[in-house]
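Here is the structure we will look at, set down as structure tokens.
The values are calculated or read from the model by the stated rules, or taken from the named source; none is laboratory data. Please read these numbers as outputs of a predicted model, since none were measured by experiment. Neighbour counts run over all protein chains shown; Cβ positions are idealised from the backbone, glycine included. SASA here: full protein model, heavy atoms, side chains in, ligands and nucleic acids out. Shrake-Rupley method; radii C 1.70, N 1.55, O 1.52, S 1.80 Å.
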Amino acid sequence: SFQNEINEVPFFDVQLPYELALKIFQYLGKTELGRCAQVSRTWKVLAEDQVLWYRLCQEEGFLLDLSISDHSCWKLALKNCRAREHTLKYNWKNRIGAVSQLRYELGKVLCDVHSCEGVVIAGYSSGEVRLWDTRSWDYTAPPLEALHDPGHAGPRPHVCFVRINSSLAVAAHEDGTISIWSVLLGREPIHHYQHNQKLQALALGAEGAAVATASGFEVRVEGPSDRGSWQTTATFEIQKLVNFLNLVPDVVGSPVAVAAAEDIVYLLQAAGPAKILHSVYGQPVTCLDVSACEAAFGVKTFGWLLNEPNQILLYNLETNQCLTKVGNSIGDFTCVNLHASPPHMLVAGNKDRRVRVFDVRSGEAVCSLYAHQLGVSAVQMDDWKVVSGGEEGLLCVWDQRMGTKLWEMHARHPVRHVWFNSHSLITAHIPEDKNPRGSSSTDDDLAVHRKYRGIIYSYEFSGEQLAGDSVLPICRSSYAELTGYNYNIGLAVPYDSI
């Protein structure tokens, strides 16, 4: 080809070797490369070199897992990625897409929901645990079998917590039993253990295979040994009852947990006893989130310190020092999301109905959004939007820079779980009352009316609907034309538009 014949590139009044010229062009952006391509035939070949466009593609965060030989034209690949991102953003803003309900109809009440990269785990008052993979079009929900105690007749205890990551699913029941499944291996638990009291908290690392549980005044960390057999890797005695528990992600070696017990925050490492990270008597912790090297938690003050209202404290987990305090609010901070927020940002929800985005470098609130009448219960943000859920069941999507609400959806129960990535959104509305009227154990299984049961929604905003990635086109109803409350979101109902 013409490129192979080029050994030297004319640079004004000197001739440079091709490799050297390429090094100079590496400092140019997309626009400058386009201009350079119009200078001459030689410069055009240089400006469209695959190395340059592959580097630009990587810099913008696209196709990071591909090597340079995987595409023949990286300029086109970058163009397609940018077009797809633009379409996704447009669909999010205008609520164009499909919504599906992940329903499990057996007259049982939803107790807890968690998700990881589009795979949803749900626990019910019947003691059942189900998995959905919303990335596939058939949305099947296989139940995960618990270990049955042959002598234990009667109804199984409620599920109180469920967690999932890329490799494990974990569920804890009211009677203190914890079951752990491998997501890849399926239905039989790979490990099972028991606390002798009810659990207050359950944590599963974002990656890896450590599980932490808090029951009574004890926190236990379980994990597989080198041979793969599960064992208790650490046990900690704590003076107060744990309200919140998180495992620190991306820790090499033995797992590290952060636990909030009333007004004390502990750092728990297997090597030694529990270390106190923060403690102010009479100021309970109201929410907690942990990233790879920081912990953020809301602290409630009681009126007698009028000059210091409720705040969110950010601690460095390596130095154990408080980095900053943000937020001055009359209401309690009810939820905080640090791990999924952009660098130097965190988002928090408050009982005073506001969602606030903080820049932790300046300590200032970048934006404050007023919504949820009964307080905010779940939040997540990315570089341009915020998704928040409230106690009254309202789900809101906000444009962060404009500070405006893009759209909202409503369901009966409080929003307890919000998770999104570039193209999908999962929300769970979980009832407060797990034993509604008319559903005692003597009643028929179907006694609980649907309105009491709680619901999980899965929204899909991607433009090109690949059959493997999403709902099959044949299963998409044509409700998009209807104006009204749910404008633009077509319900994914099987075979509606045949």
If I filter the stretch 83-90 for residues that are surrounded by fewer than 18 Cβ atoms within 10 Å (Cβ to Cβ) and farther than 30 Å from A428 by Cα, do I get at least one hit?
yes
Answer yes if at least one residue in the stretch 10-23 is open to solvent by 70 Å² or more (accessible area, probe 1.4 Å) and on the phi > 0 side of the Ramachandran plot, and no otherwise.
yes
In the stretch 50-99, residues that are of a type in the set (A, V, I, L, M), in contact with a helix residue (DSSP H, G or I) (Cβ under 7 Å, 6 or more places away or on another chain) and within 21 Å of L22 (Cα to Cα) total 6
Listed by first then second residue, the pairs whose first member lies in the stretch 190-206 and is buried (at least 18 other Cβ atoms within 10 Å of the Cβ), whose partner is outside any loop (DSSP other than H, G, I, E, B) and of a type in the set (F, W, Y), with beta carbons under 8 Å and at least 6 positions apart or on separate chains, are H191/W230; L199/F161; A201/F161; A201/F244; L202/F161
Notebook entry, point to check: Residues in the stretch 295-318: is at least one in the same structural domain as P414 (by the TED database), touching an Asp or Glu at 6+ places or on another chain (Cβ under 7 Å), buried (at least 23 other Cβ atoms within 10 Å of the Cβ) and closer than 26 Å to A371 by Cα?
Noted result: yes
Of the listed residues (D263, D226, D250), the one being out of contact with any Cys (no Cβ under 8 Å at 6 or more places or on another chain), of a type outside the set (F, W, Y) and on the phi > 0 side of the Ramachandran plot is D250
Residue hits (the stretch 143-166; modelled with pLDDT under 70 and either open to solvent by less than 20 Å² (accessible area, probe 1.4 Å) or within 27 Å of G118 (Cα to Cα) (or both)) are L147
Fill in: Any hit, the stretch 82-89, residues being among the hydroxyl-bearing types (S, T, Y) and within 21 Å of the chain's Cα centre (by Cα)
no
Restricting attention to the stretch 52-62, does a residue exist that is in contact (Cβ under 8 Å) with a residue 40 or more places away in the chain and under 24 Å from the mean Cα position of the chain (by Cα)?
no
Among the residues of the stretch 321-368, the number that are within 21 Å of the chain's Cα centre (by Cα) and among the acidic types (D, E) is 1
Note on G390: of the conditions (1) open to solvent by less than 10 Å² (accessible area, probe 1.4 Å); (2) farther than 13 Å from P414 by Cα; (3) of a type outside the set (A, V, I, L, M), unmet is (2)
Just one listed residue, out of L46, L33, L52, is in the same structural domain as R82 (by the TED database), surrounded by 12 or more Cβ atoms within 10 Å (Cβ to Cβ), touching a strand residue (DSSP E or B) at 6+ places or on another chain (Cβ under 9 Å) and not small (G, A, S), and it is L46
When the stretch 91-118 is checked residue by residue, the ones that are farther than 29 Å from T404 by Cα and either open to solvent by 10 Å² or more (accessible area, probe 1.4 Å) or charged (D, E, K, R) (or both) are R103, Y104, E105, L106, K108, C111, D112
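Just the residues that are over 25 Å from the mean Cα position of the chain (by Cα) and of a type outside the set (V, I, T), please, taken from the stretch 278-299. Full working, then the answer.
Residues of the stretch 278-299 over 25 Å from the mean Cα position of the chain (by Cα): 278-284.
Hits for the stretch 278-299 are H278, S279, Y281, G282, Q283, P284.
Condition check ((1) closer than 24 Å to I264 by Cβ; (2) assigned by the TED database to the domain that holds V242; (3) buried (at least 19 other Cβ atoms within 10 Å of the Cβ)) across all residues:
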| residue | (1), (2), (3) |
| --- | --- |
| S329 | yes, yes, yes |
| C335 | yes, yes, yes |
| P343 | no, yes, no |
| A371 | no, yes, yes |
| M381 | no, yes, yes |
| W384 | no, yes, no |
| L394 | no, yes, yes |
| D399 | no, yes, no |
